[in-house]
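Taken together, the values in this text are just the output of simple stated rules run on the coordinates, not laboratory data. Everything numeric in this text was worked out from a predicted model, so none of it was measured. Here Cβ is always computed from backbone atoms with ideal geometry, including for glycine, and neighbour counts include all displayed protein chains.
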Amino acid sequence: MASLKDIKNRINSVQSTKKITRAMKMVAAAKVRSSENAVKASRPYAFEMVKMFQKLLNSVDEFSSDSLKIKMAIDNYPALLRRSEVKNVGIFLITGNKGLAGAYSSNVIKKSLALIKEYQRQGIGVKVFIAGQKGVSIMRKKLEALGCSIEKKYFSVIDAPNAMDARDIAEDLAEYYVDGRIDKIEIVTTRFKNMVSYCVDTWTVLPVEGVKDSHEKINDNVLESLMEFIPDKHHILQKIVPMYMTNIFYQALLEANASELASRMTAMSAATTNAEKIIKDLSIEYNKLRQTAITNEIIEVISGANSLTK
């Protein structure tokens, strides 16, 4: 049975933990509001960008790089828009750099592993790109068991997502795509719903979805297909394709950041509540034990007094 001193020490320990979890909850709550605003502000642009890009591609009957200056893989739009048999897939998954965020990173990892196993079952190779220290530390051994490895790791992009980091990631995967090392690019991220809810989602970056085959272009809907390109369609596409890819990765990072902060705020709120419950239970146990000790002392005093009067 624990002594009064042991229970008192445990109460002090839980109280210290409660102060930490409460502080982390307040920090997460302060950050998640700005992250939520950033996500909601960027969604209309992201949606319209994809919609406009699909419409643009359905208006172009051929791709050519003859008149273009290509410095990076992301500028090589004909290679990025090619469609071929999927033999290898590049999966970019976004986890957190830190723990104490509930099941946030675990949910993304579970979804990613299920996706990898499904592709392997179909005889398709998988190359993995990971953002976040938690994902790297957990996935390393799991991927080795599956015969995969981590191609590239990203850490600094998690805590403060920005368009430049998103473009760098897009360039890395575009290089693999252009070189033929992968034939499909997918992102496993979380879609932010509200302060207490998010869902794990898979986005396909390339090949572009919602685009008709080349023989269907132009003739399907003449009114929608009539577009005027200045200076020409090839230079326009060379500018739009990098914007399209960067925008998808940037939106995925924003959604993941808001989801992680919301998950951390919820987890720390639950931890604080649990700490309060433990403190209450320990205090009751402490008071009962203290009352028992006092009662025993009184009994001993009375017994001693009675023995002296006899």
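Helix 233-309 versus the longest principal axis of the chain: what is the Cα-based angle in degrees, 0 to 90, to the nearest 10?
10 degrees
What are the ³J(HN,Hα) values, in whole Hz, obtained from phi via the Karplus relation 6.51 cos²θ - 1.76 cosθ + 1.60 with θ = phi - 60°, for each residue of the range 95-107 in sequence order, with x given for Gly and Pro?
Going residue by residue, I get 10, x, 7, 10, x, 6, 10, x, 9, 4, 5, 4, 5 Hz, with x marking Gly and Pro.
Could you put 249, 53, 47 in order, starting from the residue whose Cβ has the fewest other Cβ atoms within 10 Å?
47, 53, 249
So which lysines can residue 184 reach, going by Cα to Cα under 18 Å and dropping same-chain residues fewer than 8 places off?
87, 111, 117, 127, 152, 212
Enumerate by residue number the GluC sites (Glu not before Pro) in the range 1-109 meeting two conditions: DSSP loop (anything except H, G, I, E, B), and at most 10 other Cβ atoms within 10 Å of the site's Cβ.
Those that pass, being in a loop and sparsely packed, are 62, 85.
Using +1 at the Cβ of each Lys and Arg and -1 at the Cβ of each Asp and Glu in the chain, identify which of 299, 47, 115 lies farthest towards the dipole's positive end.
About the Cα centre, the residue reaching furthest to the positive side is 299.
Quick check on the exposure proxy: order 13, 67, 59 from fewest to most C-beta atoms within 10 angstrom.
With the sparsest Cβ surroundings first, the list reads 67, 13, 59.
Would you work out which of 176, 72, 161 lies farthest towards the positive end of the dipole of the range 53-187? Charges go on Cβ: Lys and Arg +1, Asp and Glu -1.
161
How long is the gain from residue 235 to residue 82 if the chain were fully straight, where each residue apart is worth 0.36 nm and the alpha carbon distance is subtracted?
Value of the extension gain: 53.4 nm.
When the chain is treated as a GNM, springs tying every alpha-carbon pair under 10 Å, which of 207, 231, 78 comes out with the largest mean-square fluctuation?
231
Using the Cα centre as the reference, give the magnitude of the dipole from point charges on the C-beta atoms of the chain (Lys, Arg: +1; Asp, Glu: -1; all else neutral), rounded to the nearest 20 debye.
Rounded to the nearest 20 debye, it is 1800 debye.
For residue 8, give me every one of the lysines with a C-alpha distance below 16 angstrom, ignoring sequence neighbours fewer than eight places off in its own chain.
Of all the lysines, those that pass the test against residue 8 - Cα under 16 Å, at least 8 places apart if same chain - are 18, 277, 280, 288.
Which listed residue (206, 278, 242) has the Cα farthest towards the positive end of the charge dipole for the chain, taking +1 on Lys and Arg C-beta and -1 on Asp and Glu C-beta about the Cα centre?
Checked the options; the winner is 278.
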